[in-house]
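Trainee: Would you mind keeping the following structure in view while I ask a few things?
The values are calculated or read from the model by the stated rules, or taken from the named source; none is laboratory data. Computed from a predicted model, the values in this text were never measured in an experiment. As a convention, Cβ positions derive from the backbone with ideal geometry for all residues, glycine included, and neighbour counts pool all protein chains shown. Only protein heavy atoms, including side chains, enter the accessible area calculation; ligands, DNA and RNA are left aside. Shrake-Rupley method; radii C 1.70, N 1.55, O 1.52, S 1.80 Å.
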Amino acid sequence: MSQPSPGDELWCRRFHPAKNPAARLVCLPHAGGSAPFYLPVAAALSPDVDVVAIQYPGRQDRRTEQPVEDLAILADRIYEVLRRQPELPLTFLGHSMGAVLGFELTRRLEADGHGPVRLFASGRRAPSTYREENTHRSDETILAEVRRLSGTASALLGDEEMMRAALPALRADYKAVETYRCEPGVTVDCPITVLTGDSDPKTTLDEAKAWAQHTTGSLDLRVFTGGHFFISDRSKEVLQVLEQHFQAERARTVG
């Protein structure tokens, strides 16, 4: 592991820093999302867990930076940052685009012997499950998609200035995830917990189950009432799943 870099703080946001954590949860936002999306997770799991929310370039206090349009490049950059963090048992939580990003980060970390103990893949179909999507090709289709999914960014739709500021990051994120490709035989070793909404237009139940093709470990499927942003609407239930995971990890470590 190399030494932390001053620039790592641009990527890693700790809203409730833990003094003596026993584990780390790295949270990866959805397309157009930002680190504060995971504030409730940080509040609920502190102080036992080092909750790190990743802030992608091109949004909020990083808005002057160029957003990344290639998911593999984004994964490479985050991987380098994570390898400089102090060693702790690692868990990933990624929603939508963040779920695929978590999968790619898991591949990179497992390749050098530092893989996570579990990946929580939320609100996203399996990596090799392909849909023809071209949302990123026009501002109109991006805005229509945000309205359809009723995400946190939908509150910005009535504010023209804020939407102009948000569109570059949205466009880059949608391009990154819509041009991403993964072969069916690509797997990770860590267990995967798939979180999905029963009325999510972006992920069918069969597409969620297909994550089983991408792990040599176990697959745990949790279905919640709600659409694409069930993770916010059912936050209490999602947090219970995360808390159970870390309780089990603590018991396993002590045992």
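Trainee: Restricting to helices (runs of 4 or more DSSP H) lying wholly in the range 158-243: which have 3 or more residues that are over 16 Å from the mean Cα position of the chain (by Cα)?
Mentor: Here the list reads 160-178, 205-209.
Trainee: Among the residues of the range 97-122, write down those that are of a type outside the set (Phe, Trp, Tyr) and within 15 Å of Leu74 (Cα to Cα).
Mentor: Answer for the range 97-122, where residues must be of a type outside the set (Phe, Trp, Tyr) and within 15 Å of Leu74 (Cα to Cα): Met97, Gly98, Ala99, Val100, Leu101, Gly102, Glu104, Leu105, Thr106, Arg107, Arg108, Leu109.
Trainee: The conditions are (1) over 17 Å from Val41 (Cα atoms); (2) open to solvent by less than 30 Å² (accessible area, probe 1.4 Å); (3) at pLDDT 95 or above, and Lys209 fails exactly one of them. Which is it?
Mentor: Among (1) over 17 Å from Val41 (Cα atoms); (2) open to solvent by less than 30 Å² (accessible area, probe 1.4 Å); (3) at pLDDT 95 or above, Lys209 violates only (2).
Trainee: Shifting gears a bit: Report, by residue number, each residue of the range 22-42 that is at pLDDT below 95 and more than 21 Å from His228 (Cα to Cα).
Mentor: Ala22
Trainee: For the range 60-87, name all the residues that are in contact with a Leu (Cβ under 9 Å, 6 or more places away or on another chain) and outside any helix (DSSP H, G or I).
Mentor: Hits for the range 60-87 are Glu65, Pro67, Val68.
Trainee: For Leu101, are the conditions met, namely being part of a helix (DSSP H, G or I) and among the hydrophobic types (A, V, I, L, M, F, W, C)?
Mentor: Yes, satisfied.
Trainee: Cβ-Cβ distance below 6 Å, separation of 6 or more or different chains: which pairs start in the range 214-227 with a residue that is among the charged types (D, E, K, R) and end on one that is part of a strand (DSSP E or B)?
Mentor: Asp220/Thr193; Arg222/Leu195
Trainee: Please go through the range 30-44 and give me each residue that is under 17 Å from the mean Cα position of the chain (by Cα) and part of a helix (DSSP H, G or I), ordered by number.
Mentor: Selection gives Ala35, Pro36, Phe37, Tyr38, Leu39, Pro40, Val41, Ala42.
Conditions (1) free of Cβ contacts under 8 Å to residues at least 24 places away in the same chain; (2) open to solvent by less than 40 Å² (accessible area, probe 1.4 Å), marked per residue:
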position	(1), (2)
Glu80	yes, no
Pro89	no, no
Leu105	no, yes
Asp112	no, no
Glu133	no, yes
Ile142	no, yes
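Trainee: Hey, another quick one. Could you list all residues from the range 4-29 that are part of a loop (DSSP other than H, G, I, E, B), open to solvent by 10 Å² or more (accessible area, probe 1.4 Å) and under 20 Å from Pro116 (Cα atoms)?
Mentor: The answer is Pro4, Arg14, Ala18, Asn20, Pro21, Ala22.
Trainee: Say whether the condition of being open to solvent by 70 Å² or more (accessible area, probe 1.4 Å) and among the polar types (S, T, N, Q) is met by at least one residue in the range 188-196.
Mentor: The answer is no; no qualifying residue exists.
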